[in-house]
Amino acid sequence: TTDLERGVADLQLDYSHPINDQFRIESGYKGTLRYMDNDFRSYDFDSSTVQFLLDDSVSNHFRFDENIQAAYGQLSLQSGKATYQTGLRAEVVQTTTELRDTNENTTESYTSLYPSASFTLDLTEVYQLQSSYSRRVKRPRDRQLNPSVFKMDDTSIRMGNPYLQPEYTNVMELSLS
């Protein structure tokens with residue numbers, strides 16, 4: 001049996017202000033709160049007692065809370081046939097996990113910066129050259145953080161790591177359209 005509760009709360013504020021026809025400033029804030037409470041219980045049937053017995057080796061009660069607070073700023077400039085954009089997002093993240101059956105608790109906190117930049121040039125009325133750069137993040141999901149052993153059979157065993165760190169990528173693109 002599984003008793004699962006999940007929730008997400010988001011608050012986002014964005015502001016954009018054109019300074020003139022060529023220059024614009026944007027800024028904003030986004031707060032995200034995520035939680036998951038998963039009480040998973042596995043039972044085996046005992047034919048000698050004719051009852052279902054709790055299998056503690058598989059059962060677990062796992063809680064996950066994530067608090068992401070982010071702010072960003074972006075500048076845009078259009079000059080003739082060229083458009084420039086540059087921005088920066090800053091995040092403060094706190095992730096808390098709790099395996100209630102064994103009282104294993106972890107709290108991971110980190111601050112990250114995500115720069116971005118792009119350049120677009122209208123070569124003709126038909127052709128456009130674009131280049132961009134951005135830094136991105138992939139955070140571990142709650143299932144990847146759960147340290148309980150989940151065994152479907154002898155060859156399919158899964159166990160998470162509550163100390164997993166986020167994965168960062170730097171993306172660069174150049175295109176002609």
All positions within segment 48-59 that are more than 18 Å from M152 (Cβ to Cβ) and open to solvent by 90 Å² or more (accessible area, probe 1.4 Å): S48, V50, Q51, F52
Qualifying residue in segment 109-119 (condition: part of a strand (DSSP E or B) and over 25 Å from the mean Cα position of the chain (by Cα)): yes
Selection within segment 10-26 - within 20 Å of the chain's Cα centre (by Cα) and modelled with pLDDT under 95: none
Residue count for segment 123-170, restricted to those that are among the hydrophobic types (A, V, I, L, M, F, W, C), in contact with a Lys or Arg (Cβ under 6 Å, 6 or more places away or on another chain) and either outside any strand (DSSP E or B) or surrounded by fewer than 13 Cβ atoms within 10 Å (Cβ to Cβ) (or both): 1
One residue from T97, T120, T111 being touching a strand residue (DSSP E or B) at 6+ places or on another chain (Cβ under 9 Å) and surrounded by fewer than 13 Cβ atoms within 10 Å (Cβ to Cβ): T111
Qualifying residue in segment 48-59 (condition: more than 18 Å from G160 (Cα to Cα) and within 24 Å of the chain's Cα centre (by Cα)): no
Residue identified as of a type in the set (F, W, Y), surrounded by 13 or more Cβ atoms within 10 Å (Cβ to Cβ) and over 30 Å from L75 (Cβ atoms) among Y29, Y35: Y35
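The values are calculated or read from the model by the stated rules, or taken from the named source; none is laboratory data. Computed from a prediction, not measured in an experiment: that's the story for all the values here. Methodologically, a virtual Cβ is constructed for each residue, glycine included, from the backbone with ideal geometry; neighbour enumeration extends over all protein chains shown. Note: areas computed on protein heavy atoms with side chains; ligands, DNA, RNA excluded. Shrake-Rupley method; radii C 1.70, N 1.55, O 1.52, S 1.80 Å.
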